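> Encoded as structure tokens, here's the structure I'll be asking about.
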Amino acid sequence: MDNNEKVLEIYRHSTSHIMAHAVKEIYPDVKLAIGPPTSDGFYYDFDCPKTLTEDDIPVIEEKMREIINADRPFVRKELSKSDAIELFRKIGEPYKIELLEEITDKTVSVYGEGNFVDLCRGPHLKSTGEVKAFKLLSVAGAYWRGDEHNKMLQRIYGVAFPDKDELKKYLDFIEEVKRRDHRRLGKELDLFSISDDIGAGLVMWHPRGAVIRRVIENFWTEEHQKSGYQILYTPHIAKLDLWKKTGHMDFYAENMYSPMEIEGLEYEIKPMNCPFHISIYKSRLRSYRELPLRFAELGTVYRYERSGVLHGLLRVRGFTQDDAHIFCRVDQIEEEVLRVLDFTLFVLKTFGFTDYDIYLSTRPEKYVGSLEKWERATNALKDALQNRGLNYSIDPGEGVFYGPKIDIKVKDCLGRPWQCSTIQVDFNIPERLDVTYRGTDSKDYSPIMIHRALMGSLERFFGILIEHYAGVFPLWLSPVQLSILTISERHVEYSRKMTEIFLSEGLRVDLNAENEKIGYKIREATLLKTPYMCIIGDKEMANGTVNVRKRDGGNLGEMSLEQLKTILKEEITKRR
RNA sequence: GCCGAUGUAGCUCAGCUGGCAGAGCAACUGAUUCGUAAUCAGUAGGUCGGGGGUUCAAAUCCCCCCAUCGGCUCCA
């Protein structure tokens, strides 16, 4: 953290204290929990008998302004732990006492201004008057200490900046995020829907969205074939027994749906694809000469997610993973991980993601397999990252039950991180399910399995893409690439001919021959973010040409069909 | 799942302390045949999220569900 960030942190921390003071003045019964700074702002958690709502925000803000205008100094006091406990007992702050009881230091510090005092390590601003620009954003529920077994408190989120301009910039950023929201754009651009009648978290891809998916899938399939993968299709359900054998029933049951009974046997809808790929692997004897064997599938899985966590395309209950399982020998593992890493970065780059955060997740509390194997798998991932000189951070205990993983979070053009790619090494499942290959010595060995997804799920990736591009998809992904707009009825026949020609070239074209003014048609196409428009009037008809306009308003003017075809094809090939 | 808010026409939203359900856009019909981001007029469109209750009377008040939104927890 650089110096500037530290200063901001102090600034926000002090603002959160001022907010706590304000809330305490308005609702004297409130009990204070914690109020730290965050990456953009701050929050404070309250245990308040009165339910706080959005309507309280302006009132609290007003009270904060009073405290700021009073410009009272923040005073630090050090006292013994027992004196501090006594102090917070006197003013009735049970949460502060709970925090104090866990502090091992003999002395602690408290900060105060006016008649307000709070347990705090500090440091703080010199006085309340130093706060120049802040805004409270929302109220929300939050568990005490983030544990869902604890009482739910009320949290107020706010932001604070050194001056009004910075605050305005941040508020503009929030507006930009809203403007790009994939749920809103999904409706406006008619890309997808999630219907109450079908069920929460289940996505319907509309024609325009389905086009984009198809383009992505085709790209994905081609590139996988080039990279030595074999593409599979597998069923959506399997016997419950299978999931018992794999360990999913022990370690993944809370994300799985209830089984269904078919002729006395129980079946289960799949939450993962790996057992099917393993089954194909095991369908015959495998030789060491065949390895590495790379099986890939756009596999649709269903996972139970608690209703409160569903969020547009980014968190759903049914989704298609761009999944693959690589079976290889121990001596091939580093090379395979490297290949996957390179492949992943290439695919992400194609969609305009060049910036990412990489995490290495280690063994979780619930796991299968020996410690030694975990160690070995974890090192394989670490070595690959280091080999490529990629910076990463360690996420302790965040691995999957069968092995450690590398997660790649891409950053979109607003700098927001999104979890997509995951690469998981698995020493455990092949052994558990008796997956083997015949070695040079004619004995059987367990292969290593690498599970990986590049985009993660097509649904989530699509949601991220919509926001990344703000709905303005590059030409190769655009649902409609070219809209042909007639000026009047006598241009329809010629326009229809043009449409046929472009369609036969494999371009996605539509014809707007409605009885509307040209301005209206341009507006419609622009709102749908169609990359290119052809305006067809008397002149074009007479010259056998088209008149081209781009969605950003740029006018390319009159040109021949051939010229336009060349422009479009080149842009499509470049995938920009 | 938990805390809070919201749910009214295809979409965006009005509808106050209970008293005949509204607007703009879209759709449809007609007129207009038009040169780079909205032509004009008319028509139609609603079990007010679902179920129960209070009341002479419920979009409005109460209860229970469902979904969405902001978070928490959890995750591709």
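> Check off (1) at pLDDT 90 or above; (2) within 27 Å of A:THR320 (Cα to Cα) for A:SER393 and give me the number that stays unchecked.
So A:SER393 meets the others, but not (2).
> Could you go through the stretch A:136-145 and let me know if any residue there is hydroxyl-bearing (Ser, Thr, Tyr), under 19 Å from A:ASP45 (Cβ atoms) and modelled with pLDDT of 90 or more.
yes
> Can you give me the number of residues within the stretch A:309-323 that are more than 6 Å from RNA strand B (Cβ to nearest atom), part of a loop (DSSP other than H, G, I, E, B) and among the β-branched types (Val, Ile, Thr)?
0
> With the condition kept exactly as written, say whether any residue in the stretch A:332-342 is in contact with a Phe, Trp or Tyr (Cβ under 9 Å, 6 or more places away or on another chain) and either open to solvent by 10 Å² or more (accessible area, probe 1.4 Å) or near RNA strand B (Cβ under 10 Å from one of its atoms) (or both).
No, the stretch A:332-342 contains no residue that is in contact with a Phe, Trp or Tyr (Cβ under 9 Å, 6 or more places away or on another chain) and either open to solvent by 10 Å² or more (accessible area, probe 1.4 Å) or near RNA strand B (Cβ under 10 Å from one of its atoms) (or both).
> Would you confirm whether any residue within the stretch A:311-327 is among the basic types (Lys, Arg), touching a residue at least 12 places away in the same chain (Cβ under 8 Å) and farther than 23 Å from A:ARG183 by Cβ?
Looking through the stretch A:311-327, none of the residues is among the basic types (Lys, Arg), touching a residue at least 12 places away in the same chain (Cβ under 8 Å) and farther than 23 Å from A:ARG183 by Cβ.
> Looking at A:ASN150, is it open to solvent by 70 Å² or more (accessible area, probe 1.4 Å) and either at negative phi or within 16 Å of RNA strand B (Cβ to nearest atom) (or both)? Working first, answer last.
On the way: open to solvent by 70 Å² or more (accessible area, probe 1.4 Å): no; either at negative phi or within 16 Å of RNA strand B (Cβ to nearest atom) (or both): yes.
It is false that A:ASN150 is open to solvent by 70 Å² or more (accessible area, probe 1.4 Å) and either at negative phi or within 16 Å of RNA strand B (Cβ to nearest atom) (or both).
> Check the stretch A:293-308 and report whether any residue there is more than 8 Å from RNA strand B (Cβ to nearest atom), over 22 Å from A:VAL340 (Cβ atoms) and open to solvent by 50 Å² or more (accessible area, probe 1.4 Å).
Yes.
> Taking the conditions exactly as written (away from RNA strand B (no atom under 16 Å from the Cβ) and either touching a residue at least 60 places away in the same chain (Cβ under 8 Å) or open to solvent by 20 Å² or more (accessible area, probe 1.4 Å) (or both)), does A:ASP55 satisfy them or not?
Judged against the criteria, A:ASP55 is not a match.
> Of the conditions (1) of a type in the set (A, V, I, L, M, F, W, C); (2) assigned to a loop (DSSP other than H, G, I, E, B); (3) open to solvent by 40 Å² or more (accessible area, probe 1.4 Å), A:ILE394 satisfies every one except a single condition; which number is it?
(2)
> Looking only at the stretch A:249-281, count every residue that is under 17 Å from A:HIS325 (Cα atoms), without any contact (Cβ under 8 Å) to a residue 60 or more places away in the chain and assigned to a helix (DSSP H, G or I) and tell me the total.
The qualifying residues number 4.
> Okay, next question. Within 11 Å of RNA strand B (Cβ to nearest atom) and open to solvent by less than 10 Å² (accessible area, probe 1.4 Å): which single residue out of A:GLY463, A:GLY519, A:GLY471, A:GLY456 fits that description?
Only one candidate passes the filter, namely A:GLY463.
> Please enumerate the residues belonging to the stretch A:477-508 that are under 25 Å from A:HIS206 (Cβ atoms) and open to solvent by less than 20 Å² (accessible area, probe 1.4 Å).
A:LEU477, A:SER478, A:PRO479, A:GLN481, A:LEU482, A:SER483, A:ILE484, A:LEU485, A:THR499, A:PHE502, A:LEU507
> Quickly run through the stretch A:157-179 and pick out the residues that are open to solvent by less than 60 Å² (accessible area, probe 1.4 Å) and more than 10 Å from RNA strand B (Cβ to nearest atom).
A:GLY158, A:VAL159, A:ALA160, A:PHE161, A:LEU167, A:TYR170, A:LEU171, A:GLU176
This table checks each residue for (1) in the same structural domain as A:GLU113 (by TED's automatic domain parsing); (2) at pLDDT 90 or above; (3) buried (at least 16 other Cβ atoms within 10 Å of the Cβ); (4) within 21 Å of A:PRO162 (Cβ to Cβ).
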{"position": "A:HIS13", "(1), (2), (3), (4)": "yes, yes, yes, yes"}
{"position": "A:PRO36", "(1), (2), (3), (4)": "yes, yes, no, yes"}
{"position": "A:SER39", "(1), (2), (3), (4)": "yes, no, no, yes"}
{"position": "A:ALA70", "(1), (2), (3), (4)": "yes, yes, no, yes"}
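> Quick one: in the stretch A:529-549, of everything that is open to solvent by 70 Å² or more (accessible area, probe 1.4 Å) and not basic (Lys, Arg), which residue is nearest to A:PRO479 (Cα to Cα)?
My answer is A:MET541.
> Scan the stretch A:348-391 for residues that are more than 14 Å from RNA strand B (Cβ to nearest atom) and in a helix (DSSP H, G or I) and report the count.
Here the count works out to 19.
> Let me spell it out: the conditions are (1) more than 9 Å from RNA strand B (Cβ to nearest atom); (2) under 30 Å from A:ASN4 (Cβ atoms); (3) surrounded by 11 or more Cβ atoms within 10 Å (Cβ to Cβ), and A:HIS182 meets all of them except one. Which number is the exception?
(2) is the only condition that A:HIS182 fails.
> Which members of the stretch A:408-425 meet the condition of being farther than 18 Å from A:GLU365 by Cβ and not in a loop (DSSP other than H, G, I, E, B)?
A:ILE408, A:LYS409, A:VAL410, A:LYS411, A:PRO417, A:TRP418, A:GLN419, A:CYS420, A:SER421, A:THR422, A:ILE423, A:VAL425
> Can A:GLY399 be described as in contact with a Cys (Cβ under 6 Å, 6 or more places away or on another chain), within 15 Å of RNA strand B (Cβ to nearest atom), assigned by TED's automatic domain parsing to the domain that holds A:SER370 and of a type outside the set (A, V, I, L, M)? Even if it seems obvious, please write down each step before you answer.
Details: in contact with a Cys (Cβ under 6 Å, 6 or more places away or on another chain): no; within 15 Å of RNA strand B (Cβ to nearest atom): yes; assigned by TED's automatic domain parsing to the domain that holds A:SER370: yes; of a type outside the set (A, V, I, L, M): yes.
Against the criterion (in contact with a Cys (Cβ under 6 Å, 6 or more places away or on another chain), within 15 Å of RNA strand B (Cβ to nearest atom), assigned by TED's automatic domain parsing to the domain that holds A:SER370 and of a type outside the set (A, V, I, L, M)), A:GLY399 does not qualify.
> Please find, within the stretch A:550-563, the residue that is farthest from RNA strand B (Cβ to nearest atom) out of those that are in contact with a helix residue (DSSP H, G or I) (Cβ under 7 Å, 6 or more places away or on another chain) and open to solvent by less than 60 Å² (accessible area, probe 1.4 Å). Spell out how you get there, then give the answer.
First pass over the stretch A:550-563, keeping only residues in contact with a helix residue (DSSP H, G or I) (Cβ under 7 Å, 6 or more places away or on another chain): A:551, A:558, A:561.
Pick out the ones that are also open to solvent by less than 60 Å² (accessible area, probe 1.4 Å) and you get A:551, A:561.
Numbers: A:ARG551: 7, A:LEU561: 15 Å.
Taking the candidates together, the pick is A:LEU561.
> Quick one: would you say A:ASP552 is under 18 Å from A:PRO474 (Cα atoms) and outside the structural domain of A:PHE353 (by TED's automatic domain parsing)?
Here the answer is yes, as A:ASP552 does meet what is asked.
> Right, something else. Condition test on A:VAL215, is it assigned by TED's automatic domain parsing to the domain that holds A:THR53, surrounded by 14 or more Cβ atoms within 10 Å (Cβ to Cβ) and over 22 Å from A:LEU414 (Cα atoms)?
no
> Step by step: first the residues of the stretch A:72-98, then only those that are touching an Asp or Glu at 6+ places or on another chain (Cβ under 8 Å) and in contact (Cβ under 8 Å) with a residue 60 or more places away in the chain, then the one that is surrounded by the most Cβ atoms within 10 Å (Cβ to Cβ). Which residue is that?
A:LYS96
> Related question: For the structure I just gave you, tell me whether A:THR526 is open to solvent by less than 50 Å² (accessible area, probe 1.4 Å), within 9 Å of RNA strand B (Cβ to nearest atom) and either within 34 Å of the chain's Cα centre (by Cα) or modelled with pLDDT under 95 (or both).
Values: open to solvent by less than 50 Å² (accessible area, probe 1.4 Å): yes; within 9 Å of RNA strand B (Cβ to nearest atom): yes; either within 34 Å of the chain's Cα centre (by Cα) or modelled with pLDDT under 95 (or both): yes.
In short, yes.
The values are calculated or read from the model by the stated rules, or taken from the named source; none is laboratory data. All values derive from a computational prediction rather than experimental measurement. Quick reminder, even Gly has a Cβ in these numbers, built from the backbone with ideal geometry, and neighbours come from all protein chains shown. Accessible surface is based on the protein model in full, side chains and every heavy atom, while ligands, DNA and RNA are left aside. Shrake-Rupley method; radii C 1.70, N 1.55, O 1.52, S 1.80 Å.
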